[in-house]
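All remarks here apply to the structure that follows.
The values are calculated or read from the model by the stated rules, or taken from the named source; none is laboratory data. Predicted, not measured: the structure shown is a model, and the values here were computed from it. Note that we place each Cβ from the backbone using ideal geometry, even for glycine, and neighbour counts take in every protein chain shown.
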Amino acid sequence: MINMQYVTIKCLLLICFSLTVNAQDIKPFSTDGCSLFPDGMPNDRTRWQTCCIQHDIQYWQGGSQEQRIRSDQELLHCVKKTGQEKIARLMHQGVRLGGAPWWPAPYRWGYGWPYLRGYKPLTQQEKQSVQRALEHYHKKIH
């Protein structure tokens, strides 16, 4: 006869192990451009879209609070380079207010990971997962 306690413990260990393995895998990268903001001007509809996509890559992978601040600064400078300083400042304010990791939004900091990951540096395994997902994304779009 099979010892049910032994089987139950073995199943629980297997489930716990699978959850930890899967916790290291980031969701595939996705972007909607500038999220709740236009990707450009009426006469140049994608003027700063590349700035937003680069920003989305950083937000998708998440990391520390300092990395988020740097990412938002990079967005500000990138959009300023398009000649739209006021829009750059407005976008910067928007991402500072609405991009925190605790917002249950699809564009929050670390949106590639499960909700409420918060601010924390990526482990080596997580960095490898990010790299694999980005390689897959770039193959898909080219």
Condition met for D56 (in contact with a helix residue (DSSP H, G or I) (Cβ under 6 Å, 6 or more places away or on another chain), surrounded by 20 or more Cβ atoms within 10 Å (Cβ to Cβ), modelled with pLDDT of 95 or more and acidic (D, E)): no
Residue list for segment 123-142, restricted to those being under 14 Å from K27 (Cβ atoms) and either assigned to a loop (DSSP other than H, G, I, E, B) or aromatic (F, W, Y) (or both): Y137
Residues located in segment 82-104, provided they are surrounded by 15 or more Cβ atoms within 10 Å (Cβ to Cβ) and either among the aliphatic types (A, V, I, L, M) or modelled with pLDDT under 95 (or both): I87, A88, M91, V95, A100
